[in-house]
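These notes concern the structure reproduced below.
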Amino acid sequence: MSVMIVTGGSRGIGAATALLAAEHGYAVVVNYLKNETAAQVVVDKINASGGHAIAVAADVSVEDDVLRLFKVTADKFGRLTALVNNAGILEQQCSLQDMSAERFVRVMNTNVVGCMLCAREAVKVMSNVNGGSGGNIVNLSSIAATLGAPGEYVDYAATKGAIDSLTIGLASEVAQLGIRVNAVRPGVIHTDIHASGGEPGRVERVSGSVPMQRGGTAGEVARAIIWLVSDNASYTTGAFINVSGGR
Ligand code: NAP
């Protein structure tokens, strides 16, 4: 059985990815931080349509939580074949000069340390040297990695720049272990994340600067992720797909 962990799978892009992965035959571990109800809705939808899913609460920035997430996955479904490093946060829009040191650490820990902890555990179980049969990791970067998000959240953009470097380096490091590592860079996508920045209507505001003149949907991002983990992308590693309407 193909087994996928989607971090931050309770809402937004993660939830859309979990649902689509289940349609493609994956048993899905829907990780979340706090919103158990939302995670359970995703899990119930998958199980009700004949798929296999569980919800696991774990903070990806906490090592013990990540170790538990991977252990529960192995105990329930067996060997992991795909990791979608999707959990990510941003905070109130402002200039860098108004950001606290605590905020830098929070955003860095979730967006970068969390991805690295999960990637580390995934490589251990997927590696064909350890008896695994290879696998796939997809990291959620952002088009902000290329634009920098000035005046909004350059701290967040910098974490996504780090995700790009992680993707390039890890892809090369684990290619001979049978593991592909790729990233998706969403543009402005209709999800709850913009409310965390203090502007729930941000997608509408910036749509005019998107060549395609609209925000994207979580499903449009999920389709790129599912392509990357599929055999259709069998010669693709260390690659980036911008799902950003040309922005
Ligand atoms: P979202 O709607 O805000 O959902 C965030 C998800 O991450 C939720 O499931 C949340 O769980 C989970 N989460 C947050 N902190 C976590 C932690 N420490 N440990 C585990 N889970 C955690 O986000 P989204 O818009 O779908 O974004 C998903 C990814 O795409 C992020 O990496 C984001 O940076 C990236 N992205 C999004 C956009 C966009 O426009 N939406 C653009 C570019 C990149 P709870 O439900 O329990 O809170």
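The values are calculated or read from the model by the stated rules, or taken from the named source; none is laboratory data. These figures come from a predicted structure and were not determined experimentally. Quick reminder, even Gly has a Cβ in these numbers, built from the backbone with ideal geometry, and neighbours come from all protein chains shown.
Okay, here's what the table says:
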item: Complete set of residues in segment 1-29 that are modelled with pLDDT of 95 or more, more than 10 Å from the ligand (Cβ to nearest atom) and in contact with a strand residue (DSSP E or B) (Cβ under 8 Å, 6 or more places away or on another chain); result: S2, V3, M4, I5, A21, A22, Y26, A27, V28, V29
item: Members of segment 180-236 that are assigned to a loop (DSSP other than H, G, I, E, B), among the β-branched types (V, I, T) and within 13 Å of the ligand (Cβ to nearest atom); result: V188, T191, V210, T217
item: Those residues of segment 176-213 which are within 30 Å of V129 (Cα to Cα) and touching a residue at least 40 places away in the same chain (Cβ under 8 Å), in sequence order; result: L177, G178, I179, R180, V181, N182, A183, V184
item: Search result, residues across segment 117-154 that are in contact with a strand residue (DSSP E or B) (Cβ under 9 Å, 6 or more places away or on another chain) and assigned to a helix (DSSP H, G or I); result: C118, A119, E121, A122, V123, V125, M126, N128, A144, A145, T146
item: Flag if A53 is away from the ligand (no atom under 13 Å from the Cβ), of a type in the set (A, V, I, L, M) and in contact with a Gly (Cβ under 8 Å, 6 or more places away or on another chain); result: no
item: Single residue of segment 112-145 satisfying the filter (touching a Lys or Arg at 6+ places or on another chain (Cβ under 7 Å) and within 11 Å of the ligand (Cβ to nearest atom)) that is nearest to T73 (Cα to Cα); result: S141
